[in-house]
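Just below is one structure, and these are the notes that go with it.
The values are calculated or read from the model by the stated rules, or taken from the named source; none is laboratory data. Remember, it's a predicted structure, so these values are computed and weren't measured experimentally. Here the Cβ is made from the backbone with ideal geometry for all residues, glycine too, and neighbour counts use every protein chain on show.
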Amino acid sequence: MSAFELHSYEPRNGHGLKHDPFNAIIAPRPIGWVSTRGKDGSVNLAPYSFFNGFNYTPPLIGFSSIGIKHSTRNAQETGEFVWNLATVDLAQHMNATAAHVGREVDEFEVAGLTKVPSTLVNVPRVGEARVAFECKVTEIIELKRADGQSANAFLTMGEVVAVHIDKSLIVDGVYRTALASPIVRAGRKGDYFTVKHEDMFEMTRPD
C-alpha cells in the first residue's frame, strides 16, 4: 500500500486537474532550440519541449514535435539541423522564436539573433548561444499509441557531427553545466528553471 494519498487517473479519461501534470512531472527538461534550413533555403529557429540526448558514441540527440512542424519538415528535406543551448540571458530571445509564424518568416530576425555559419552542415547556428551541436539526421520516427495508431508526433533524431563550446564554460578540462545558466522547461504554459551551482550535488555511482 502506498504511503501517500494518491491522485490517480487514466490519461485517456482526463486528469481531473486545472492543468495536465504530465509536463510538470517529467521535468525539468532541456530545451531543444533547433535551427533548420528547408530545401527552398528558408531558415527556421524554434524551441522544443520534448528534447534530450540518447547515446554517447556516436552522440545522438532528438526532438519531438506534435504534428509535422517547420523544423521537422526542414530536417526531413535537407537531413540537417543545429541544436543551440538556451541560457538565462537568451530566455526572451528563445521565447520569441516560439511564435507561430509562416515558414517564410525568419525567427533569427524576429528574435534579433545572429546567424553564424556552421562548419559541417548548411544550417546556421545562433551566434549568441554558448554551445551548439551541428547534427545530421539519422531518422524521423512517427510515434504511435499503444494500439498502434499514430500519435501525430514525430521524433527527429540526429548524430552530432560538430560541437561548439564557449571556452569560458570549460574549467580544468571539464565542461561546467552551471556556468552557462541553462534554462530548462517545467510544466504549465510557461514554467522554466535554471541550473545553479549551489543547487548541484555529487554522488559516486555504485559501479
State which residue pairs qualify: first residue assigned to a loop (DSSP other than H, G, I, E, B) and inside the stretch 177-188, second residue modelled with pLDDT of 95 or more and surrounded by 16 or more Cβ atoms within 10 Å (Cβ to Cβ) in any location, beta carbons under 7 Å apart, and separation of 6 or more residues or different chains. Ser181/Thr87
Out of everything in the stretch 80-106 that is at pLDDT 95 or above and part of a loop (DSSP other than H, G, I, E, B), what residue ends up being nearest to Val184 (Cα to Cα)? Ala86
Test Val161 against the stated conditions and say whether it is in contact with a Pro (Cβ under 8 Å, 6 or more places away or on another chain) and outside any helix (DSSP H, G or I). no
Inspect all residues belonging to the stretch 2-20 and state whether any of them is under 20 Å from Ala99 (Cβ atoms) and in a loop (DSSP other than H, G, I, E, B). no
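Residues checked against (1) acidic (Asp, Glu); (2) surrounded by fewer than 17 Cβ atoms within 10 Å (Cβ to Cβ):
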site	(1), (2)
Ala99	no, yes
Glu109	yes, yes
Ser118	no, no
Val121	no, no
Gly127	no, yes
Phe133	no, no
Val137	no, no
Glu142	yes, yes
Arg145	no, yes
Within the stretch 112-128, work out how many residues are in contact (Cβ under 8 Å) with a residue 60 or more places away in the chain and farther than 24 Å from Phe154 by Cβ. 2
Could you list, ordered by first residue, the pairs with Cβ atoms under 8 Å in which the first is in the stretch 49-60 and under 22 Å from Ala27 (Cα atoms) and the second is polar (S, T, N, Q) and assigned to a strand (DSSP E or B), at least 6 apart or interchain? Phe50/Ser64; Phe50/Ser65; Phe51/Ser64; Leu60/Thr138
Every residue from the stretch 158-207 that is hydroxyl-bearing (Ser, Thr, Tyr), more than 19 Å from Phe63 (Cα to Cα) and surrounded by 10 or more Cβ atoms within 10 Å (Cβ to Cβ): Ser168, Tyr175, Thr177, Ser181, Thr194
Search the stretch 141-155 for residues that are of a type in the set (S, T, N, Q) and pair each with any residue that is modelled with pLDDT under 95 and part of a loop (DSSP other than H, G, I, E, B) when their beta-carbon atoms are under 7 Å apart and the residues are at least 6 apart or on different chains. Asn152/Gly67
Which one of these does Glu109 not meet: (1) acidic (Asp, Glu); (2) farther than 21 Å from Ile61 by Cβ; (3) assigned to a loop (DSSP other than H, G, I, E, B)? (3)
